[in-house]
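The values are calculated or read from the model by the stated rules, or taken from the named source; none is laboratory data. For clarity, every value in this text was computed on a predicted model and none was experimentally measured. FYI the Cβ positions are ideal-geometry reconstructions off the backbone, even for glycines, and counts take in every protein chain you see. Just so you know, the surface numbers come from the protein's heavy atoms only, side chains and all, with ligands and any DNA or RNA stripped out. Shrake-Rupley method; radii C 1.70, N 1.55, O 1.52, S 1.80 Å.
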Amino acid sequence: MPAFYLIVITLGAFYLGYRFYSKYLAERVYALDPNFKTPANELADGVDFVPTNKHILLGHHFTAVAGAAPIVGPAIAVYWGWLPAIAWVILGTVFGAGVHDFGAIVTSARNRGQNIGTLSGKVISARASTLFLLIIFFLLTLVNAVFGVVMAILFEAHPGSVIPAVIVIPIAMCIGQWVYRMRGAVLIPSIIGLVLLYAAIPLGQAYPIHVDGLAEMLGLSVRTTWVILIFAYTWVASRLPVWLLLQPRDYINGQQLLVALVVIFAGVVVGWDTITAPAVNEVAEGTKHWFPYLFITIACGAISGFHSLVASGTTSKQIANETDARYIGYGGAMGEGALALAAILACTAGLGSAADWQTAYANFGAASGGALGNFVTGVGHFLSNLGIEASLGASFAVVVVVTFAGTTMDTGVRLQRYILEEIAELAGFKALVGKTSLLTTLAVLIPLALALVPGGEGDGGKGFAFGQLWTLFGTTNQLTAGLALSVIAVWVLARDRNPLAAIVPLTFLLVMTSWALVLNLLDFLAQGSWMLLIMDAGIFVLTAWLILEAATALNRQRRSA
Amino acid sequence: MAKASWRDYLPQDGRAAHRLILVREQDAQHSGSGCCGRLGEAHTDLGGAADYRHSRRLMEDVGVIYREARAAFPQLVVEVVDPRNTVWLYPAVWQDARAANRSARACFASLRKAGAAVAVILDGEVLFSGRLPGTQRVIETIRARLAAP
């Protein structure tokens, strides 16, 4: 089947979802009122509360929610074939992410723009705030671990991309100096930055960076060496002022996201590639089956709990009219779904023949360990359709993923530092409070230990449990979404509306998450992977806790209604 | 009914419409923060607000201008936008500048200066970029521009 048809089918389904289901949500479930005075109007201060036109707000919201995760998950999940992956992206976006993101904006706007952590404490129970904190702790640990490995995999497989990926750092720092110190305008510097970045791609090809010598000296594998170097970089980056590196990198990332989306879809259309992956891949008995693993492998791109932080953090304080929440929340979710679609296309139509695809996705270990490599190969192929050499195109894709992953790790380690400090305060470990270097070291060492956990069935003997880590990350992300959906469901019920639209995805996610966690638990026990076992057990406890809290809150609300 | 575009926010009584765009960064991480992080931002549970103090100060400075401008010029459409929202900002500045019959050269000059940590743009003309003078001077400059034929 031509890959273009998949674009038409997916975008067509998104259109129908927006046209009909989001309308149903707007009218029947969230009961949007165009006359409701939103916090942006009621509290308008021009600082946090600013009535903002919906097109501006969609731009803010979409660029904030989109990242590397909707690329990685689908790139792994096509292991089960393109049909389950795209079906979950479509159904998840239309009936999950759309409900979640849209609902988080409305619920927050109806509660004076309070964020989802505060709302969970208020709407569900006081304990839910602690639950939220713990879920975020696990999520960040796993985020940092998986993105550390993602970058290491890419650097090992594409040494030609190291120079352009690293050159982003001085470019961003120069932009930071220019914008924040010299107060200059950013258009020309960011264009120059982007040109320099792309000019560094052929330079990187000419001078690939290998760390084999260092790895040999340290007695480590190449990938382990890269993982350690990346975490060392993250330790330093997370100690720098945000204006120096993290903030200016946003200017580059924003442009990269748009360029990547445009070239992938243009490449598919121009090349008229066909999908060579099977619709449903018959996997061997005893290996991970798509049911339930698909639903936690693709989190971002189908439904992501972290979106509720953006939706209830900034977006809800700026919607000018409550009815705009549909366009921004549901529309933003569809944008993320489009990113997942791009990843599916790259990994199902960009890898060559059906035999090439079968080699790349021989088993789950190979599929997860090689997912990003397959994505960049696919993007390289699409760019070759546009007349750009495939290896340069692949380097371009590596740079896109690495800049997003690097930003995520920088943020994740900083956040983990704050959360560790908060947990230390709550637990009475005064020795940790205020010790930034020590806290940063802990925030780096915990995910680093996870990233280096051996394992990874059939991962070409590379010895990393990346696939397992990714599925654990997916479960925690779905738990965050579960918490937000619980808040939304209770709030909808309190308004005497039918909460099924939120309860169905909530129940589905919690069942799939629990199921996958139990299967993983048994696997880890059998393999003797104690570190992963502890993580899995911890997340399972949080899941059980969330189920109890959500059921109690819904029951309480139903009785009072 | 939802408004269809920014033009629907403009006065509908036939007066010449003017639009003021206030550019300033939100005190939060922007790209990739939904997958997976959300650093900065006052009123958040996660932390990082102190890291973004410099952006917060600019937000508050622009907030004063926003309130003063809305009070002084009720006919003015005032939009606040983050400079990282390039997809909206640059086309809007270009559109406003062309609508005000500015030359192509002036339009490009506006584009060049529009995206900054902070900027004040009236009808596609960048009045201040990078640094802001006192609020009163900004308001007086806007008043003078609006009064000009």
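What angle do you read, to the nearest 10 degrees and between 0 and 90, between the alpha-carbon axis of helix A:246-271 and the longest principal axis of chain A?
70
Provide the FRET efficiency to the nearest 0.05 for the residue A:216-residue B:71 pair, computing r from the beta carbons and using R0 = 60 Å.
For residue A:216 and residue B:71, the calculated efficiency is 0.30.
Could you calculate the FRET efficiency of residue A:8 with residue A:259 from 1/(1 + (r/R0)^6), where r is the beta carbon distance between them and R0 is 22 Å, rounded to 0.05?
Working from the Cβ atoms, E equals 0.45.
Output ³J(HN,Hα) for the stretch A:538-543: one whole-Hz value per residue in order, computed from phi by the Karplus curve 6.51 cos²θ - 1.76 cosθ + 1.60 with θ = phi - 60°, and x for Gly and Pro.
With the stated coefficients, the stretch A:538-543 comes to x, 5, 5, 4, 4, 5 Hz.
Using the Cβ atoms and a cut-off under 14 Å, what net charge is assigned to the surroundings of residue B:108, where Lys and Arg are +1 and Asp and Glu are -1?
Net of charged neighbours comes to +3.
What nm distance separates the two modelled labels at residue A:87 and residue A:427, each placed 7 Å from Cα along Cα→Cβ?
The modelled label-to-label distance comes out at 4.3 nm.
Can you count the Lys pairs in the protein assembly as shown with C-alpha separation below 16 Å, eight or more apart or on different chains?
Eligible lysine pairs with Cα atoms under 16 Å apart amount to 6.
Report the Cys residues of chain A lacking a disulfide-compatible partner, meaning no second Cys Cβ under 4.7 Å from their Cβ.
For chain A, the answer is A:174, A:347, because their Cβ atoms have no other cysteine Cβ under 4.7 Å.
Roughly how tilted is helix A:500-527, in degrees to the nearest 10 and between 0 and 90, from the longest Cα axis of chain A?
40
I need the shape label for the stretch B:40-106. Rule: rounded when a/c is under 1.5, else prolate if a/b > b/c, else oblate, with a, b, c from the alpha carbon gyration tensor.
oblate
From largest accessible area down, sort A:217, A:334; use a 1.4 Å probe on the protein chains.
A:217, A:334
If you average the C-alpha positions of the stretch A:284-330 and of the stretch A:380-432 separately, how far apart do those two centres end up, in angstrom?
19
Helix A:82-91 sits at what angle to the longest principal axis of chain A, using alpha carbons and giving 0 to 90 degrees rounded to 10?
Its long axis makes an angle of about 30 degrees.
Once the piece of chain linking residue A:182 and residue A:289 is laid out straight, how much longer is it, given 0.36 nm per residue of separation minus the C-alpha distance between them?
Roughly 33.0 nm would be gained on extension.
For the stretch A:217-279 and the stretch A:123-197, compute the distance between their C-alpha centroids and round to whole Å.
8
Taking the simple approach of a point 7 Å from Cα along Cα-to-Cβ for both residue A:112 and residue A:244, what is their distance in nm?
With each label placed 7 Å out from Cα toward Cβ, I get 3.9 nm.
Apply the Karplus parameterisation 6.51 cos²θ - 1.76 cosθ + 1.60, with θ equal to phi minus 60°, to every residue of the stretch A:386-391 and state each ³J(HN,Hα) to the nearest whole Hz, in sequence, with x for glycine and proline.
Karplus-based 3J(HN,Hα) across the stretch A:386-391 equals 9, x, 9, 4, 4, 5 Hz.
Restricting the calculation to Cα positions, tell me the Rg (one decimal) and the Dmax (whole number) of the protein assembly as shown in Å.
Radius of gyration, then largest Cα-Cα span, for the protein assembly as shown: 24.5, 81 Å.
Does a label point 7 Å from the Cα of residue A:122, set along Cα-to-beta-carbon, have any residues of the stretch B:43-68 with amide nitrogen under 20 Å, and which are they?
Correct set: B:43-47.
Go through the stretch B:33-103 and name the trypsin sites (Lys or Arg not before Pro) that are in a DSSP coil and have 10 or fewer other Cβ atoms within 10 Å of their Cβ.
Passing sites in the stretch B:33-103 do not exist.
Where does the longest stretch of chain A lie that holds no GluC sites (Glu not before Pro) found in a DSSP loop with 11 or fewer other Cβ atoms within 10 Å?
A:1-281
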